[in-house]
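*Asks:* Would you mind keeping the following structure in view while I ask a few things?
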Amino acid sequence: MRFLSNVPIAIRLAGAFSAVLALLGAVILLGLNQIDRIGESSRQLASTSLQNVILVHNAQGAAQAGASLLHSLFLLDREKRIPVYARIDQNARIRDTAISELLVSSDATKFRPTLMRVVKARDAFVVAFNQTVDEVEMESGVARWLMLSKTMPALQTMLDDLDELVQLQSQYANEMIQGIQTQQSAGRQRILLLGLASLLVACVSAFAITRSISRPLAQTAKLARDVAAGNFDGEIPKAGRDEMGVLIRALDEMRGGIAARERRIVELAYHDVLTGLPNRTLFSDRLQQAVKAAVRGNHAVSVIVMDLDRFKQVNDVLGHPVGDELLGKVADRLRSVVLRDSDTVARIGGDEFAVLLPTQTGAEAIIVAKRLLAALEEPISLQGQLVDVSASFGLASFPEHGHEAAELMSRADIAMYVAKQAGSGYVLFESNQERSSEHGLTLLSDLRHALENNEFLLNFQPKMRLGSGVCNSAEVLIRWKHPTRGLIPPDQFIPFAEQTGFIKSITRWVLENACKQAAAWHAQGLPLAINVNISTRDLVSHDLPSFVAEILQQTGFPTELLCLEITESAIMDDPVHALASLTRLNAMGVKLSIDDFGTGYSSLAYLKKLPVQELKIDRSFVMNLDADAGDEVIVRSTIELAHNMGLNVVAEGVENARVLQQLTELGCNEAQGYFFSRPLPAQEFSAWLKAVPSFLAQPAHADT
Ligand code: C2E
Ligand code: CA
Ligand code: CA
């Protein structure tokens with residue numbers, strides 16, 4: 001039945017239908033023909049046999065009537081006999097007509113001998129009859145004798161012959177009826193056979209066609225289900241040249257397309273597009289597997305975390321395309337050192353790389369780290385310029401430094417941070433590093449404690465509207481009130497928190513508490529908008545938008561009053577994920593602001609693509625605006641361009657009235673700086689807000 005799959009389904013169906021229809025047509029034709037033949041035979045039966053029987057009866061009747069009329073002649077007078085002769089003649093005519101009609105009837109030949117006897121008997125009868133009539137007319141005594149001895153026997157002979165004819169006729173009619181019956185049953189049989197044959201053909205072709213369609217259809221459905229389940233290697237049903245074959249081949253092409261795209265998606269999800277290296281997700285996954293294998297196999301696992309030194313400067317000075325090129329070349333060098341297939345080199349962040357050595361000890365990892373350092377020693381050529389790169393490496397090993405992947409990563413991070421601070425190239429993690437760093441700054445565990453012990457607090461710095469001089473928003477800035485060290489400014493712990501990933505916890509804390517505070521003010525009739533600082537790590541994590549939504553819902557703070565500040569470099573570290581987060585936040589109604597504008601890559605063309613509403617000119621351009629003509633050019637053009645893009649412009653670092661005046665003249669929208677107020681704790685801030693309703697109302701405000 002395989003050959004069927006090469007015949008188009010349409011032709012298969014048409015063929016089967018035609019065959020069944022043809023057979024059905026034959027049955028109908030045969031039936032009609034049979035009916036016609038039976039009809040014809042019946043007509044023949046009726047027209048000849050029955051007709052003949054009637055004729056014979058007529059002849060018999062007429063002959064008998066003639067005989068009885070002859071009898072009556074003996075009893076009547078001469079005058080009365082005249083009308084009887086007329087009737088005798090009439091009867092004779094009827095009899096003779098019947099006999100002559102019998103003689104010319106179609107099947108006369110069959111009965112000819114009997115017919116001839118009848119004719120002979122009739123002639124004899126007629127002769128005897130006429131003689132008798134003559135004798136009656138002569139009124140002779142012989143008449144009666146003639147009648148009894150000649151006429152009556154002649155009549156009897158004729159009647160007997162006619163009877164025989166009737167018998168022959170009915171025998172013939174019976175034969176004909178029998179013939180019809182045989183014909184009918186033979187026809188019935190033929191129709192039945194033909195009907196059964198067409199039924200069989202219909203059944204067989206229905207079965208064959210159904211099977212030829214349903215089988216590959218079921219296999220094709222299975223193929224589709226396999227594809228849906230992500231199994232792309234399942235067996236392909238044999239495809240013929242029919243429509244099913246076309247469908248199967250199309251499905252197979254689709255499967256190929258999906259498989260290729262899935263490979264690409266997996267590739268994209270687990271690889272860094274820029275360098276082609278595995279990304280953080282894939283690295284974490286492999287590290288987890290490696291730790292599990294190490295527990296089972298009772299061997300070591302080491303991780304090396306690497307951060308490029310001064311990468312930000314390269315990016316800022318030479319531009320992002322050069323920065324990208326640098327990362328690509330660094331990746332190549334790392335790959336040239338880590339040769340084992342089982343080892344993994346990954347790019348886990350902006351300028352952060354990591355190496356997984358799934359069976360090596362800390363001592364072995366140090367050898368690899370040294371080789372990595374050496375590989376980076378030679379300057380890298382970037383667009384014709386030779387650039388010196390250096391990097392800091394942090395190492396941690398299972399089981400000495402942690403039993404879980406995350407723990408190993410954070411300890412390698414700490415070791416890397418220590419290496420960076422010390423400028424020592426590489427450092428293998430030691431437990432005391434977690435307690436104190438080279439700078440005496442308490443590290444991760446201290447930060448954790450700070451969060452647990454509520455050592456963080458929030459300051460608020462007003463943002464003033466230059467047109468009206470009112471303050472309706474403030475920037476939220478974090479402070480760390482260390483139990484022994486006193487107030488620690490954010491510059492001293494935020495970079496470390498960013499490097500270790502702890503920043504995410506800090507951001508959550510800041511967001512939550514800032515929204516709580518602002519919501520409380522809102523309830524008191526103080527509708528203040530707030531700006532909260534967000535860093536790279538926050539931006540690339542997928543859960544930031546949902547976390548923000550959660551906080552807004554919990555605190556009831558109006559979404560449109562929350563603005564998140566992001567630096568350009570934070571966006572450029574991972575533009576794809578950053579744009580995704582920003583777009584989602586913007587769609588929620590959260591405002592977005594570009595912080596420290598002017599210090600980074602400063603591509604207004606790129607900013608155009610971002611869903612931001614505000615731009616903050618970095619304080620380094622604003623602080624000396626009144627004295628530095630170059631700064632004025634930068635600030636003026638920034639304001640103009642930002643306005644062209646429909647952005648709200650905020651100048652940071654306004655420290656005196658002259659700068660304020662200049663900014664007002666340049667059309668800047670908002671200003672922030674010590675001239676208005678230093679960042680203040682919540683209570684002091686609200687007191688300040690109530691005491692100082694408008695700055696423009698007090699133009700003679702002294703410089704700070
Ligand atoms: P920033 O976002 O540029 O914040 C503005 C900084 O400028 C603040 O420093 C503020 O005190 C200071 N400033 C304000 N007005 C003036 C002025 O007139 N003159 C001068 N010279 N400085 C002024 P702060 O509070 O030390 O914060 C430093 C940086 O730490 C911030 O820079 C921000 O990048 C980061 N930061 C602060 N709080 C947070 C936070 O909650 N989360 C994150 N991720 N980063 C934060
Ligand atoms: Ca800021
Ligand atoms: Ca800033």
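Read-outs: derived from the displayed coordinates by stated rules, not from any lab. The shown structure was predicted, so the numbers you read here are calculated from the model rather than taken from an experiment. Please note: Cβ atoms are built from the backbone with ideal geometry, for glycine as well, and neighbour counts cover all protein chains shown.
*Asks:* Which order do peptides 253-263, 340-350, 42-52 fall in by mean Cβ count within 10 Å, highest first?
*Replies:* Result, highest mean first: 340-350, 42-52, 253-263.
*Asks:* Another question, then. Would you list TYR85, TYR674 from fewest to most Cβ contacts within 10 Å?
*Replies:* TYR85, TYR674
*Asks:* Grab the Cα-Cα distance for GLU407 and GLU101, subtract it from 0.36 nm times how many residues apart they are, and report the gain in nm with one decimal.
*Replies:* Additional length available on full extension: 97.3 nm.
*Asks:* Follow-up. Looking only at segment 221-242, which residues have a backbone nitrogen under 18 Å from a spot 7 Å from the Cα of ARG215 in the C-beta direction?
*Replies:* Residues 221-223, 235-242 qualify, since their backbone N sits under 18 Å from the label point.
*Asks:* Relative contact order of the chain, please, whole-number percent, based on alpha carbon pairs below 8 angstrom and at least 6 residues apart.
*Replies:* Reported as a whole number, the value is 8 percent.
*Asks:* Taking a point 7 angstrom from the Cα of ASP77 along the C-beta vector, which residues in segment 140-171 have backbone N less than 20 Å away?
*Replies:* Under cut-off, by backbone N: 140.
*Asks:* Still on this structure, I have one more. Highest mean first, what order results for 509-516, 299-306, 549-556, 572-579 on Cβ atoms within 10 Å?
*Replies:* The most tightly packed comes first, giving 299-306, 509-516, 572-579, 549-556.
*Asks:* Rounded to the nearest 10 degrees, what's the angle between the helix 112-137 long axis and the longest principal axis of the chain, both from Cα atoms, 0 to 90?
*Replies:* 40
*Asks:* Taking 0.36 nm per intervening residue step and subtracting the Cα-Cα distance, what contour gain separates LYS481 from MET254 on full extension?
*Replies:* 75.6 nm
*Asks:* Output needed: percent of Cα pairs per 5 Å distance bin for segment 519-640, bins running from 0 to the one holding the longest distance.
*Replies:* P(r) over segment 519-640, rounded to whole percents: 2, 11, 20, 20, 16, 13, 10, 6, 2, 0.
*Asks:* If you don't mind, another one. In the calculated pair distance distribution of segment 57-161, what percentage of Cα-Cα distances lie above 23 Å?
*Replies:* The answer is 27 percent, as a whole percent.
*Asks:* For the chain, what is the calculated [θ] at 222 nm in deg cm²/dmol (nearest 500), taking -39500 (n - 2.57) for each run of four or more DSSP H residues and dividing by its residue count?
*Replies:* -20000 deg cm²/dmol
*Asks:* Taking 30 Å as R0, compute the FRET efficiency from the Cβ-Cβ separation of ARG371 and ASP341 and round it to 0.05.
*Replies:* 0.95
*Asks:* Shape of segment 257-317 from its Cα gyration tensor (a ≥ b ≥ c, root eigenvalues): rounded if a/c is under 1.5, otherwise prolate when a/b > b/c, or oblate?
*Replies:* oblate
*Asks:* Distance cut-off 28 Å, Cα to Cα: go down the list LYS608/LYS690; LYS481/LYS504; LYS516/LYS608; LYS312/LYS370; LYS329/LYS370 and report the pairs above it.
*Replies:* Exceeds cut-off: LYS608/LYS690; LYS516/LYS608.
*Asks:* I need the phi-derived Karplus couplings for segment 220-234: 6.51 cos²θ - 1.76 cosθ + 1.60, θ = phi - 60°, integer Hz, Gly and Pro marked x.
*Replies:* With the stated coefficients, segment 220-234 comes to 5, 4, 5, 4, 4, 5, 4, 4, 4, 7, x, 9, 9, 10, x Hz.
*Asks:* Report the gain in length on full extension from LEU193 to GLU243: 0.36 nm times residue separation, minus Cα-Cα distance, nm rounded to one decimal.
*Replies:* 14.5 nm
*Asks:* While we're on this one: For VAL576, project a label point 7 Å along Cα to C-beta. Then give me every residue of segment 531-551 with its amide nitrogen under 15 Å of that point.
*Replies:* Correct set: 540-542.
*Asks:* On to the next question. Where does the charge balance sit around PHE111 when Lys and Arg score +1, Asp and Glu -1, over other residues with C-beta under 11 Å from its C-beta?
*Replies:* Value of the local net charge: 0.
*Asks:* Please order CYS471, CYS668 by the number of other Cβ within 10 Å, starting at the fewest.
*Replies:* Neighbour counts put them in this order, fewest first: CYS471, CYS668.
*Asks:* Taking the highest mean first, how do the peptides 29-37, 152-160 order by number of other beta carbon atoms within 10 angstrom per residue?
*Replies:* Answer by packing, highest mean first, reads 152-160, 29-37.
*Asks:* Related question: Taking 7 Å along the Cα-to-C-beta vector as the label spot, tell me the ARG43-LEU641 distance in nanometres, rounded to one decimal.
*Replies:* 10.8
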